[in-house]
2 protein chains.
Amino acid sequence: MKILNVSLADRSYPIFIGKNILTQSNLLDESIKNKEVCVVTNTTVAALYLDKLLECLSNDYAVETVVLPDGEQYKNLDVLNQVFDTLLEAQFSRQVTLIALGGGVIGDMTGFAAACYQRGVPFIQIPTTLLAQVDSSVGGKTAVNHTLGKNMIGAFYQPQCVIADTDTLLTLDDRQLSSGLAEVIKYGLINDAEFFNWLEDNMPSLMARDGDLLAEAIERSCKDKADIVAEDEREQGVRALLNLGHTFGHAIETGMGYGLVLHGEAVAIGMLMAADLSHRMGWLTLSELERVKNILLLAGLPISVPDAMTVDKFMSLMAVDKKVKNGQIRLVLLKGIGQAILSDDYDKKQLYQTLESFNAG
Amino acid sequence: MKILNVSLADRSYPIFIGKNILTQSNLLDESIKNKEVCVVTNTTVAALYLDKLLECLSNDYAVETVVLPDGEQYKNLDVLNQVFDTLLEAQFSRQVTLIALGGGVIGDMTGFAAACYQRGVPFIQIPTTLLAQVDSSVGGKTAVNHTLGKNMIGAFYQPQCVIADTDTLLTLDDRQLSSGLAEVIKYGLINDAEFFNWLEDNMPSLMARDGDLLAEAIERSCKDKADIVAEDEREQGVRALLNLGHTFGHAIETGMGYGLVLHGEAVAIGMLMAADLSHRMGWLTLSELERVKNILLLAGLPISVPDAMTVDKFMSLMAVDKKVKNGQIRLVLLKGIGQAILSDDYDKKQLYQTLESFNAG
């Protein structure tokens with residue numbers, strides 16, 4: 001088992017990465033400060049791992065379970081309220097520990113429920129998808145969606161620990177695996193060119209679910225992310241780079257209706273759009289742009305925008321995205337592979353050209 | 001104008017108290033960092049003060065207004081979503097400033113909306129009731145209610161500043177004024193016996209809305225509260241004393257249905273119940289208990305429990321209240337006037353006797 005630390009003063013916490021560690025009860029026990037526990041999961045994950053988890057929770061705990069419907073379209077305030085219903089019906093106190101067992105949606109919702117219940121209770125992340133293990137479970141961003149924008153209602157709230165069991169990736173469907181790889185590729189593009197090269201070499205083995213290589217990719221991704229989060233927890237500066245591909249991507253997710261396009265798929269398309277704009281600005285060479293496109297294809301990710309997304313729809317949805325400052329959309333762009341920068345200094349015409357070229361096909 | 005400071009490291013902020021300061025645009029301008037502003041108020045307060053406030057906001061600002069229905073029964077997630085709707089329809093960014101113009105319900109909801117919108121945006125409190133000026137606008141507790149418990153969904157989130165305009169108290173109805181005085185009396189009972197004496201002497205003039213005396217009572221209350229909050233922002237210890245009367249009071253509010261009994265009225269009854277239990281434990285003399293009852297009567301507050309509240313209802317609702325630790329209900333009790341302590345060391349029989357005596361009478 002590997003242990004990474006996210007350094008955030010009194011909010012620091014460990015990330016445990018390894019095979020079959022979901023049921024290591026000592027990891028859980030060390031993070032549960034009280035006898036009240038509420039596991040939040042979804043129908044898909046519950047069928048696979050809920051019993052396993054419940055078995056390893058001590059009989060001393062009073063345990064409640066909330067099983068939510070599976071999918072991004074359920075990540076909203078209404079469904080979140082089901083968690084509060086369960087906590088209050090069980091009369092759980094301010095000392096209850098919430099456990100998020102599932103992918104990014106479950107992690108985001110459980111974290112936000114923990115941030116809000118009685119103004120804040122502890123929680124543990126047990127991410128069961130690659131995307132959640134390398135991205136959403138690390139860094140304390142929690143949220144639900146609003147019909148007018150993704151992740152618009154949320155909190156910065158850190159877990160007690162993250163338990164990333166790589167065995168859970170064996171039950172992931174192919175689309176989910178690819179979706180996670182999009183975020184892995186993102187770390188290479190942002191500030192880790194060496195990792196990007198490694199990913200180009202090893203993508204076929206990662207797609208074949210080589211356990212050791214997946215563990216290596218997860219560890220490196222978590223480390224890259226943890227370093228950035230430690231530097232800028234509340235996204236006042238450098239952390240915004242982690243949104244590479246997300247301003248375009250969120251517009252696609254919101255515009256198409258939540259759940260239709262997976263988050264990682266939308267981010268993949270968004271990263272290619274950011275690379276395309278960076279190329280138009282003369283920042284990225286054509287061959288670098290091709291490398292971005294190729295690695296996405298190797299990872300089984302989409303590289304074209306759904307037909308329903310018009311240029312107008314993009315512009316309107318991107319304007320509401322939280323990277324906007326004083327009306328000018330700030331975008332994460334690339335000065336090279338491994339050199340992302342946040343910029344509102346691009347030419348608007350070129351942004352339109354990128355949007356039009358993607359809508360054209 | 002008086003200025004008090006709430007000392008909370010990088011979350012410190014000033015409380016301005018004075019006559020007709022609602023329209024001092026410099027107070028607002030200094031706290032608004034960006035050109036986006038959203039005023040949240042309710043139908044009652046909007047009719048009285050909204051135009052006045054809007055007039056003094058610079059034309060440079062993009063201003064939206066949300067007018068919510070008036071009353072504790074609307075302090076829930078559904079109504080809160082109206083604020084998010086407005087913010088997102090206006091495409092307001094992470095730099096928007098929210099302004100809470102109203103009583104405790106508006107302050108709590110606006111603060112919580114600010115805590116959650118895009119994971120946190122700045123907000124300003126303009127409390128227009130005595131209760132909000134002396135209590136809910138100070139200290140950063142924000143929340144909405146759940147049908148199973150009051151203030152169960154919320155955040156600790158501090159405003160940029162509090163602007164307490166004492167002129168707004170002239171339009172308060174008598175019940176609202178009395179409700180605010182309950183929280184004022186609370187500070188005396190907790191740790192300020194001298195203030196309690198002063199209140200006994202001056203209650204008739206406060207009820208007659210003597211402006212100078214009201215300002216003095218507000219300043220003293222805010223100072224007492226700010227000192228406690230500065231010591232214990234997240235209620236790990238001494239801050240819990242501010243809940244004197246609230247465990248009983250929340251049970252009454254939730255049990256009767258939100259909005260029927262005003263918060264301060266419920267707290268008044270709750271404080272008397274806490275005093276009654278303290279007397280049964282031998283901590284409070286009969287004459288001290290009588291002083292508590294008398295000052296509540298002088299302030300026009302109720303001292304008996306509504307008929308619908310049974311002992312069972314109290315016990316069940318108090319168990320869910322957030323002062324519960326490991327199943328034992330912790331209560332704020334009195335060792336004397338001005339000497340509150342948090343205790344789970346009381347005799348359960350005596351708690352039942354208190355509940356029964358209040359239900360009987």
Q: For segment A:174-360, build the convex hull from the C-alpha positions and give me its volume per residue in Å³.
A: 109
Q. Remind me, what semi-axes does the protein assembly as shown give for its equivalent ellipsoid, largest first in whole Å, using sqrt of 5 times each Cα gyration tensor eigenvalue?
A. 49, 30, 19
Q: Kindly identify chain B as rounded, prolate or oblate by the Cα gyration tensor criterion: order the square roots of the eigenvalues as a ≥ b ≥ c, call it rounded if a/c is under 1.5, otherwise compare a/b with b/c, prolate if a/b is larger, else oblate.
A: prolate
Q. Among A:Lys150, A:Lys33, A:Lys75, which one moves the most in a GNM of chain A with springs linking Cα atoms closer than 10 Å?
A. A:Lys33
Q.
Test of understanding: what is the full-extension gain from A:Lys19 to A:Ser316, defined as 0.36 nm times their sequence separation minus their Cα-Cα distance?
A. 102.5 nm
**Q.** Phi-based couplings in Hz for segment A:60-75 (Karplus 6.51, -1.76, 1.60; Gly and Pro marked x)
**A.** 5, 7, 8, 10, 10, 10, 10, 10, 8, x, 8, x, 4, 5, 9, 7
**Q.** Of all DSSP beta bridges in segment B:2-171, antiparallel share, percent nearest 5
**A.** 30
Q) Given a cut-off of under 8 Å on Cα pairs at least six residues apart, what relative contact order in percent is computed for chain A? A) 16
Q.
Output wanted: per-residue J couplings in Hz (rounded whole) for segment A:284-295, from phi through Karplus 6.51 cos²θ - 1.76 cosθ + 1.60, θ = phi - 60°, x for Gly and Pro.
A. 10, 6, 4, 5, 5, 4, 5, 4, 4, 4, 5, 5
Q. From the phi of every residue in segment B:251-258, what ³J(HN,Hα) in whole Hz does the Karplus formula 6.51 cos²θ - 1.76 cosθ + 1.60 yield, where θ is phi - 60° and glycine or proline is x?
A. 4, 5, 4, 5, x, 7, x, 4
Q: Kindly express, to the nearest 10 degrees and within the range 0 to 90, the angle between helix B:193-207's C-alpha long axis and the longest C-alpha principal axis of chain B.
A: 70
Q | Prolate/oblate/rounded label for segment A:109-251 (Cα gyration tensor, a/c 1.5) | A | prolate
Q.
Nothing charged except the Cβ atoms of Lys and Arg (+1) and of Asp and Glu (-1): what's the magnitude of the dipole of the protein assembly as shown about its Cα centre? Round to the nearest 20 debye.
A. 340
Q) With charges only on Cβ, +1 for K and R and -1 for D and E, what is the dipole size of segment A:2-171 about its Cα centre, in debye, rounded to 20? A) 480
Q. Rounded if a/c is under 1.5, else prolate if a/b beats b/c, else oblate: with a ≥ b ≥ c from the C-alpha gyration tensor eigenvalues square-rooted, which is segment B:2-171?
A. rounded
Q: Measure nothing fancy, just the Cα-based angle from helix B:263-280's long axis to the longest principal axis of chain B, in degrees from 0 to 90, nearest 10.
A: 30
Q: Mind checking which lysines have their Cα closer than 28 Å to the Cα of B:Lys2? Skip sequence neighbours fewer than 8 apart in that chain.
A: B:Lys19, B:Lys33, B:Lys35, B:Lys52, B:Lys141, B:Lys186, B:Lys223, B:Lys225
Q) Where nothing but the Cβ of Lys and Arg (+1) and of Asp and Glu (-1) is charged, how large is the charge dipole of segment B:174-360 around its Cα centre, in debye to the nearest 20? A) 580
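Read-outs throughout are calculated quantities, based only on the coordinates presented, and are distinct from any laboratory measurement. Quick caveat, the model's predicted, so the values are computed rather than measured. As a convention, Cβ positions derive from the backbone with ideal geometry for all residues, glycine included, and neighbour counts pool all protein chains shown.
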